[in-house]
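Novice: The structure follows.
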Amino acid sequence: MQTTGERTDPQMTVAQPSAVEIGLMAGRAGYVLRANDRGAFTVASPTLYPHMWSWDAGFVALGIATVSVPRALNELRSLLSGQWATGMIPHILFHSPSDYFPGPERWRTQVAAARPAGVLTSGICQPPIHVIALSRILHDARRKGGADQELAEEFVRETFDSWLAWHSYLATARDPYSYGLVEIHHGWESGMDDSPRWDAAYANVRVGDMPPFVRADLAHVADPSQRPTDAEYATYLWLLEQKVHARYDDAVYRATGDFVMGDVLVSALLAAASDLLADMGEELGIGGGASGGVEQSRAIARRFRTGVLRSVNPETGLARDLDLRTGTWLDVESAAGFAPLLCGGDDALTRRQRDLLLGPRWCGHSRLRWPVVPSVSPASPAFREQTYWRGPQWPVLNWLMAWALNRSGEQEAANQLRLAGLSQLVDCDFAEYYQPVTGETLGSRDQSWTAAIALDFLAARRPAQRRPVRWLTSELPRITPTQRAADLAARPPRTRGPATTPEMPRIP
Ligand code: 2M8
């Protein structure tokens, strides 16, 4: 059922959901989150994703905070129980057995010394959205005051170092050459699994010998074409196998693995989250001193904001990922190109990206059912209406862009995305993603993060004040294929890559 929001003109006007629709949406979103609640954590969806996913948990927490600050904080606390000794927050926490594949027996994280005790996890990570969620929860709690405020402030004090360790992990183990771009080792780490962002890189991966597998995901969707192909899945599992063979040591993987990409969206989120962590530290008087967490966070924010801004293609106005195995920029019209909106730092670019995002290549494209951020531009040759992360709309991406616009003082644009996003969700299916041309719901139903976004959009909170971010650093090394080759050659063997015939350590 799609009842409202018919697009009537190219100005991106959408009908606002009625009061009854808003009431129903809020109730049903709350119901979905309650039904997906397993006590201390929330499953990403009831059947397709019956575990806790890292960046899903961040969005879920900020949605839950609109109804219960303590429960929202517990979600984040639960996620931190899976943090590795390296600081990494793993992309899945497996709290109980299920038919999800690949499960813990495939990840074999027992080969990694840094794995946590007491909970099984995957061995890779996802975008660092968590502190963005936490700062929003704190904002909410302060508005409510009393016990909620006390709890939230205490939670920030208690977990500040854990978040800093997470961000520091990304800034060191995942950016050893200080390029200002976070290195990812698997498309799953980008959150946009089979985005065309990674096509060129995946085309060079040759799947080697690995245990046979049977996919479980296809049983949970209406049509297999909504999910990645078998060939793509084999590639994903091969990279997983390479991580196991590297015993989840990032330096070993860098030297032996087939997929090493500088991810511009992850980098922008890291920059934004690091600034917010520093803000919270300052406000609460924690992480002080010249070598304290606040200063460290500001330095991380500066480095990655600079890295994101210099990745921008001046012709398209979009940020680009970097193939760190070859030192080449990847030009793809995916929503990740709007990374600079998320981290700020260049007001002229923010305005250019705002216009681009709302314009005819993106949200204002005439074929879109709802003027909501698509995962790939409908004007791009890579656009596929129905295929996973190749065109459909993920409500969380739309939320992120609305959040970023709001933070940059672009309230009107942010509100357009918010209203369009709400109109898209009035059917109350809370799908994993949406067919951008027909508006059809795709993938999983009752997806937790979609319900959470609805709650946050309905609460329509504004940040206390606009916080302009302009600080950059001039200290990053150059990135060109020649410089990249020189960097690799200058490093000790453990971080030198890529090796084509890795020596595989024995796996217990
Ligand atoms: C999707 O990813 C998982 C693997 O992590 C999958 O396809 O099995 C992605 O959309 C990812 O971004 C998301 O966090 C996850 C759970 O919602 O599903």
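No value in this document is a laboratory result; all are computed from the given coordinates. Worth saying up front: this structure is predicted, and the values here are computed from it rather than measured. Positions of Cβ are backbone-derived with ideal geometry, glycine not excepted, and every protein chain shown enters the neighbour counts.
Novice: Sorted by mean Cβ packing within 10 Å, highest first, what order do the peptides 56-67, 361-372, 182-193, 137-148 take?
Specialist: 56-67, 182-193, 361-372, 137-148
Novice: Go through 413-420, 78-85 and give me the packing order, highest mean Cβ count within 10 Å leading.
Specialist: Answer by packing, highest mean first, reads 413-420, 78-85.
Novice: Something else about it: About the Cα centre of the stretch 350-465, how large is the charge dipole given +1 on each Lys and Arg Cβ and -1 on each Asp and Glu Cβ? Please answer in debye to the nearest 20.
Specialist: 460 debye
Novice: Which residue, chosen from GLN226, GLY187, ALA171, occupies the Cα position most advanced towards the positive end of the dipole of the stretch 165-226, where the dipole is computed from +1 (Lys, Arg) and -1 (Asp, Glu) charges on Cβ about the Cα centre?
Specialist: ALA171
Novice: Could you work out how much longer the chain between ARG71 and ALA117 gets when fully extended? Use 0.36 nm per residue separation minus the Cα distance between them, nm to one decimal.
Specialist: 14.2 nm
Novice: Express in nm, to one decimal, how much length is gained between ALA382 and GLU295 on full extension, taking 0.36 nm for each residue of separation and deducting their alpha carbon distance.
Specialist: Full-extension gain reported as 27.2 nm.
Novice: Another one. Find which of PRO104, GLN386, PRO340 sits farthest along the positive direction of the dipole of the stretch 19-491, computed with +1 on the beta-carbon of Lys and Arg, -1 on that of Asp and Glu, about the Cα centre.
Specialist: So the residue we want is PRO340.
Novice: For the pair ASP209/GLN411, report the inter-label distance in nm, with labels modelled 7 Å from Cα in the Cβ direction.
Specialist: It is 6.5 nm.
Novice: Using mean Cβ contacts within 10 Å as the protection proxy, how do 260-273, 39-52 order, highest first?
Specialist: My ranking of the peptides, most packed first, is 260-273, 39-52.
Novice: Just going by the charge dipole of the chain, with Lys and Arg at +1 and Asp and Glu at -1 on Cβ, which of PHE59, LEU419, VAL312 is farthest out on the positive end?
Specialist: Farthest towards the positive end: VAL312.
Novice: Then there's this: Given the convex hull over the Cα atoms of the chain, what projected area results after averaging over all orientations, in nm²?
Specialist: Directional mean of the projected Cα hull area for the chain stands at 21.8 nm².
Novice: If you plug each phi of the stretch 326-343 into the Karplus form 6.51 cos²θ - 1.76 cosθ + 1.60 with θ = phi - 60°, what whole-Hz ³J(HN,Hα) values come out, in order, with x for Gly and Pro?
Specialist: Karplus values, whole Hz, x for Gly and Pro: 10, x, 10, 6, 10, 9, 9, 7, 9, 4, 4, x, 8, 3, x, 4, 6, 9.
Novice: Next question. Kirkwood hydrodynamic radius, the stretch 352-461, all distinct C-alpha pairs: what's the number in Å?
Specialist: Across the stretch 352-461, the inverse of the average 1/r is 13.6 Å.
Novice: So for the chain, averaging the separation of alpha carbon pairs under 8 Å that are six or more residues apart and normalising by length, what relative contact order in percent results?
Specialist: RCO, the chain: 20 percent.
Novice: About the Cα centre, and with charges only on the beta carbon of Lys, Arg (+1) and Asp, Glu (-1), how big is the dipole of the chain? Nearest 20 debye, please.
Specialist: Value, rounded to 20: 700 debye.
Novice: Something else about it: What is the Å³ per residue value for the convex hull set by the Cα atoms of the stretch 219-336?
Specialist: Dividing the Cα hull volume of the stretch 219-336 by its residues yields 193 Å³.
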